[in-house]
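Data first, discussion second: the structure below is written as structure tokens.
The values are calculated or read from the model by the stated rules, or taken from the named source; none is laboratory data. Because the structure is predicted, anything quoted here is derived from the model rather than measured. Here the Cβ positions follow ideal geometry from the backbone for every residue, glycine too, while neighbour counts run over all protein chains shown.
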Amino acid sequence: MNAVPSTDPAADRAPGRSDTGLVLDVRGLVLRFGGVTSLDGVSLRHERGQILAVIGPNGAGKTSLFNCLTGVVRPQAGSVTLWGRDGHPRRLLDRRPHVISRFGVARTFQHIRLFGGLSALANVQVGVQGRDRPAMLQVMLATPAARRYEARGVRRAMELLAFVGLAHRAHIPAAALAYGEQRRLEIARALGADPCLLLVDEPAAGANTAEKKELAGLLRRVAADGTSVLLIEHDMGLVMSVAAAVVVLNFGQVIASGPPADVQRDPAVREAYLGPADTRGGD
């Protein structure tokens, strides 16, 4: 099992270079909003190059987890360690979102956030050219260094569009793309930052069967290409077809974790989704 809450008493020791293949280690996250506890001691471990799915009913704490990992909100307790592409650990809590992004974490959103009036190519360039940008004066003067930077950004953006199957749509405004294409474009833009960890929030929401199949193939390619994927998704068919491991949240707590087939059979998971057996006429 890859995604399992840790019970190791040595877990609080500061980790060094990752020799275990981990990309992310989350321990004991607690997030409260007033009297409401959104995350209650959530722990998980994510192995490099794999797809880990986080599932659970609405309100289980899934998006709160993503918001903690990306610095949008600050939990009251816990720790999060990311091992970047260089293999060295970085603590994520108490970091601002742009710092976490620079460490190697990118995300997509449940509700698509594209620049609708810009072309698909320009949208991906936004992600690519957020890194190592030349000085503003160089850009204003169109220096050779600035022109080389621009050309590299265009080449990389086109490579990413080809990777997600949208190279032929590069000059189409994002708003004119089909829904499934917009989902893939958002993933391409996130990959522009060259993350080691990609957080994908409900990409199959509103997608048809063909779009879900394309999406599943893309997520597998992303992971095979070396970017670990942390996936929030309600579509169990998609989850079971792509995830190496699953973590189930309910009321802010981890109630099950492990290989997809094992999690699917777990009585606690069935109860969380379907209700107690005595309210279902027995099972």
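Overview of results
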read-out: Filter pass, residue 53 being of a type in the set (Gly, Ala, Ser), assigned by TED's automatic domain parsing to the domain that holds residue 237, in a loop (DSSP other than H, G, I, E, B) and on the phi < 0 side of the Ramachandran plot; value: no
read-out: Some residue of segment 180-194 being under 13 Å from residue 54 (Cβ atoms) and not aliphatic (A, V, I, L, M); value: no
read-out: Of all residues making up segment 71-91, the number that are buried (at least 19 other Cβ atoms within 10 Å of the Cβ) and more than 17 Å from residue 47 (Cα to Cα); value: 2
read-out: From the options 198, 215, residue that is outside any helix (DSSP H, G or I) and buried (at least 22 other Cβ atoms within 10 Å of the Cβ); value: 198
read-out: Members of segment 32-43 that are in contact with a Ser or Thr (Cβ under 7 Å, 6 or more places away or on another chain) and closer than 23 Å to residue 83 by Cβ; value: 39, 43
read-out: Selection within segment 218-232 - outside any helix (DSSP H, G or I), over 15 Å from residue 53 (Cα atoms) and either within 11 Å of the chain's Cα centre (by Cα) or not acidic (Asp, Glu) (or both); value: 226
read-out: Cross-chain or 6+ apart pairs with Cβ under 8 Å, segment 241-267 first and in the same structural domain as residue 31 (by TED's automatic domain parsing) and more than 28 Å from residue 36 (Cα to Cα), then charged (D, E, K, R) and crowded, with 16+ Cβ neighbours inside 10 Å; value: 244/47; 245/47
